[in-house]
Structure formats: structure tokens, C-alpha cells
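Laboratory data are not the source of any read-out in this text; all were calculated from the coordinates shown. Everything quoted here is computed from the prediction, not taken from an experiment.
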Amino acid sequence: MAAQQQDGGGAAQLAGPAAEADPLGRFTCPVCLEVYEKPVQVPCGHVNVPNRYTFPCPYCPEKNFDQEGLVEHCKLFHSTDTKSVVCPICASMPWGDPNYRSANFREHIQRRHRFSYDTFVDYDVDEEDMMNQVLQRSIIDQ
């Protein structure tokens, strides 16, 4: 196992030959070996990736809702809140804008998130590989 050393900023760094051979090693999923898109380093030095499957409430400290749970929570507890907030479901999507604030979040969540994107989007598919497959099929079909 590679030794850990502290840099001046307090972030843990891998040391030794393993870090030099694979600088992205800390940012690669140990299960699927994909490079993390938006890694976050926590104070202990571990690297976490934001979860696309659970969401925080944008109005209160409650968190770890699945999509349906967030819709229900907002209907029950925030039906009168008018604060402009970022939709955590949209912000977690690859095409989502984490800075866009919805003026009417309650209506947005009821209209846009009545279904699960997981039904239509396979997050595990590499976009470039998928495009290459489509191009190959289009050449074969001609």
C-alpha cells in the first residue's frame, strides 16, 4: 500500500512509484475503473463522487431522498416555500446545470421528475463508445 504524505495545503497525496506511474489512480473507481467526473476530496484524504441516486432537499437540511421521496417530501413540507432553488436532481445529471435556480421548484419537480431518468439513461455507458457504435451501425445499414 502506498504511503500517504501531507502537502502544505493539508490534502493527502499518494507517495511513491504507484502515484508516479498512475497520477489518475486516486480518481479512478476501484470497481469499474472509470475516471471520476466530479471527484471531491474530503479532509481525511479519501475521494468521493457525488451520488446520482440520492438527493438533498434544497429547502431544509434533510437529505438522502430518492427521486420519489424528494418529490413527496417537498409536497408535504415545502408546499408554500417560494425561495428560488437549484434542483438537486437536475444538477446531478450529466447535462444538468448546477447553477440554474428554478423560480417555482415545487411545480418543476412535479412536472419534470414524475418519472425516473434511470429508465431512459444508462449512466454506465461511455458516451464516446456509444457514438462509435451508432456510427458503425449507420455504415453497416447503408
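Normalised size of the stretch 67-119, defined as Cα radius of gyration per 2.2 N^0.38 Å with N residues, equals 1.08. Derived scalar couplings between HN and Hα for the stretch 98-108 equal x, 10, 6, 9, 7, 5, 10, 4, 4, 5, 4 Hz in order, rounded to whole Hz, by the Karplus curve 6.51 cos²θ - 1.76 cosθ + 1.60 (θ = phi - 60°), x for Gly and Pro.
In this structure the amide hydrogen of Val86, modeled in the peptide plane, comes within under 5 Å of the amide hydrogens of Ser102, none closer than 5 places in sequence on its chain. Here the Karplus curve 6.51 cos²θ - 1.76 cosθ + 1.60, taken at θ = phi - 60°, turns the phi angles of the stretch 58-66 into couplings of x, 9, 9, x, 4, 8, 6, 8, 7 Hz, with x standing for Gly and Pro. For Phe65, the residues whose modelled amide H falls within less than 5 Å of its own, excluding neighbours fewer than 5 places apart on the same chain, are Phe55.
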